[in-house]
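Visitor: Next up is a structure, given as structure tokens.
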Amino acid sequence: MKIPMRQCSACRGHFEKRQLLRIVRTPDGDVLVDRRGKVSGRGVYICCNEDCLNKAIKTKALSRALETPVSDETIESIRQAIRETANG
Ligand SMILES: [Zn+2]
């Protein structure tokens, strides 16, 4: 069985899809965390940890991959999602 692999846009490592967090730019131009992997739009993946989020902020990997600026508010909601996931 083939496991779907995706690349983290921060550390460039390849991981199983379910280990990553998907960030989506919707057709309306909103950027949001897609916890269920169901939102349509341009998606980017990052590891579910704050190291990779911080790296992504520093290198602007998310806004580059999504081709749109990512607001601080969105960054905070990503951080929140990572924390919630980390806490089970
Ligand atoms: Zn990563």
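Visitor: Which of the three applies to the chain, rounded, prolate or oblate, going by the alpha-carbon gyration tensor with a ≥ b ≥ c and a/c under 1.5 meaning rounded? Numbers along the way, then the final one.
Guide: On the way: a/c = 1.35, a/b = 1.19, b/c = 1.13.
Rounded, because the longest to shortest axis ratio a/c is under 1.5.
Visitor: Rounded to the nearest whole Å², what accessible area per residue is found for region 5-86 with the 1.4 Å probe? Don't jump to the answer; show the numbers that get you there.
Guide: Numbers: 5060 Å² over 82 residues.
In whole numbers, region 5-86 has 62 Å² accessible per residue.
Visitor: Could you count how many Lys pairs in the chain have their Cα atoms under 27 Å apart, skipping same-chain pairs fewer than 8 positions apart?
Guide: Numbers: Lys2/Lys17; Lys2/Lys38; Lys17/Lys38; Lys17/Lys55; Lys17/Lys58; Lys17/Lys60; Lys38/Lys55; Lys38/Lys60.
Taking the Cα cut-off of 27 Å, the pair count is 8.
Visitor: Still on this structure, please answer the following. Tell me the net charge near Val33. Cut-off is 13 Å between Cβ atoms, Val33 excluded, with +1 for each Lys or Arg and -1 for each Asp or Glu. Provide the component values of the computation, followed by the final result.
Guide: Values: positive: Arg22, Arg25, Arg35, Arg36, Lys38, Arg79, Arg83; negative: Asp30, Asp34, Glu73, Glu76, Glu84.
So the environment of Val33 carries a net charge of +2.
Visitor: Pairs of Cα atoms under 8 Å, at least six residues apart: use those to get the relative contact order of the chain, whole percent. Intermediate values should be presented prior to the final figure.
Guide: Numbers: 127 pairs, mean separation 24.0, N = 88.
About 27 percent, as a whole number.
Visitor: Ok, one more. What FRET efficiency do you get for Cys11 and Arg36 if R0 is 25 Å and r is their Cβ-Cβ distance, rounded to the nearest 0.05?
Guide: Details: r = 23 Å, r/R0 = 0.93.
It comes to 0.60.
Visitor: Here's a follow-up. When DSSP assigns beta bridges and you keep just the ones with both residues in region 5-86, what percent turn out antiparallel, to the nearest 5?
Guide: Details: 13 of 14 bridges.
Antiparallel: roughly 95 percent of the beta bridges in region 5-86.
Visitor: Here is a follow-up. To the nearest 20 debye, what is the magnitude of the charge dipole of the chain about its Cα centre, counting +1 on the Cβ of each Lys and Arg and -1 on the Cβ of each Asp and Glu?
Guide: Values: 17 positive and 11 negative charges, 95 e Å.
Roughly 460 debye for the chain.
Visitor: Once neighbouring chains are kept in place and the probe is 1.4 Å, which whole percent of the accessible area of the chain is contributed by carbon and sulfur?
Guide: On the way: 2700 of 5850 Å².
For the chain, the apolar C and S fraction of the accessible surface comes to 46 percent.
Visitor: Using only DSSP helix segments of four residues or longer, with each worth -39500 (n - 2.57), what per-residue ellipticity at 222 nm results for the chain after dividing by its residue count and rounding to 500? Kindly include the intermediate steps, with their values, before the conclusion.
Guide: Details: 3 runs with 31 residues, N = 88.
Mean residue ellipticity at 222 nm (helix-derived): -10500 deg cm²/dmol.
Visitor: Out of Thr85, Gly29, Met1, whose Cα points farthest toward the positive end of the dipole of the chain (charges: +1 Lys, Arg; -1 Asp, Glu; placed on Cβ)?
Guide: So the residue we want is Met1.
The values are calculated or read from the model by the stated rules, or taken from the named source; none is laboratory data. Note that the structure is a prediction, hence the values are computed from the model and not measured. Quick reminder, even Gly has a Cβ in these numbers, built from the backbone with ideal geometry, and neighbours come from all protein chains shown. Remember, those area values only see protein heavy atoms, side chains included, never the ligands or the DNA or RNA. Shrake-Rupley method; radii C 1.70, N 1.55, O 1.52, S 1.80 Å.
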